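Below you'll find the structure, written out as structure tokens, and then a few comments.
The values are calculated or read from the model by the stated rules, or taken from the named source; none is laboratory data. Small disclaimer: the values here were computed from a predicted structure and weren't measured. Counting neighbours? That spans all protein chains shown, and the Cβs are built from the backbone with ideal geometry, glycine included.
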Amino acid sequence: MQNEKSLTEHESFEVISRMIKTAQNDIQDDSFYYLIWGWLVFAASTISYFLMQINYENSSLPWAILMPLGGIATGIYSYKQERKQKVRSYVDDVMKYVVISFLVSLFIVLFSMSKLGLSTYPLVMIIYGTWLFISGGAVKFQPLVLGGIINWILGIAAFFVGFEIQLLLLAAAVLLGYIVPGHMLKNRFKKQVNLSQSV
């Protein structure tokens, strides 16, 4: 009877360990996406701003270089993660549709840039805000939720300023919405790894 009880406790510990590992993988994946796109958009925005200040003809060049590189890196990383991931949760399935809707909405706005004009980047920040707010709630991480709210506020403010200032607001939006929470998310993951290793 004692052996049966010990076996049950051991199995319970194994289940908990697997759940922790699954959660760790989710957090690690999330931090990668927030950080890579946060830094790429931040770099593209700030470099474009400074190129405009020196009257460089092709100030959109950083976007043309960095965005495709980000897409390739993300594609490779996603493919590798899909191969590693053996267990999918309900949240994973829901977030897949959220990501698709986010990317489609973002693509529509960027594709319509010639029609939207100065409304393009404000709408991009509002879409960013929606993505951050939902994903932050899904992984129960308040800095992402707050980052979403910040993106909404900066998106609204961007409607009332010129294009150059919009670039700076976009840089601030991804800094506060993607980069800072992304590093915090990565640190949380590291703490959970250390905690699981000490158990």
Review point. Going by the conditions given, is K115 exposed (fewer than 15 other Cβ atoms within 10 Å of the Cβ), modelled with pLDDT under 90 and over 20 Å from I179 (Cα atoms)?
Key: no
Point to revise | Residue list for region 165-181, restricted to those being more than 14 Å from the chain's Cα centre (by Cα) and surrounded by fewer than 24 Cβ atoms within 10 Å (Cβ to Cβ) | key: I165, L167, L168, L169, A171, A172
Check your understanding: Scanning region 37-52 for residues that are touching a residue at least 40 places away in the same chain (Cβ under 8 Å) and not hydroxyl-bearing (S, T, Y), which turns out surrounded by the fewest Cβ atoms within 10 Å (Cβ to Cβ)?
Key -> M52
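Inside region 61-78, can you point out the residues that are more than 17 Å from the chain's Cα centre (by Cα) and either surrounded by fewer than 11 Cβ atoms within 10 Å (Cβ to Cβ) or of a type in the set (A, V, I, L, M, F, W, C) (or both)?
Matches in region 61-78: L61, W63, A64, I65.
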Study note, to complete from the structure: All conditions in (1) farther than 23 Å from G70 by Cα; (2) free of Cβ contacts under 8 Å to residues at least 40 places away in the same chain; (3) surrounded by fewer than 19 Cβ atoms within 10 Å (Cβ to Cβ) are true of A158 except (3)
Check your understanding: So which pairs qualify, if the first residue must be in region 81-106 and surrounded by 14 or more Cβ atoms within 10 Å (Cβ to Cβ), the second must be among the aromatic types (F, W, Y) and at pLDDT 85 or above, the Cβ gap must be under 6 Å, and the two must be at least 6 apart or on different chains?
Key -> F102/W131
Check your understanding: Could you say which residue among K191, K115, K140 is farther than 21 Å from G75 by Cα and outside any helix (DSSP H, G or I)?
Key -> K140
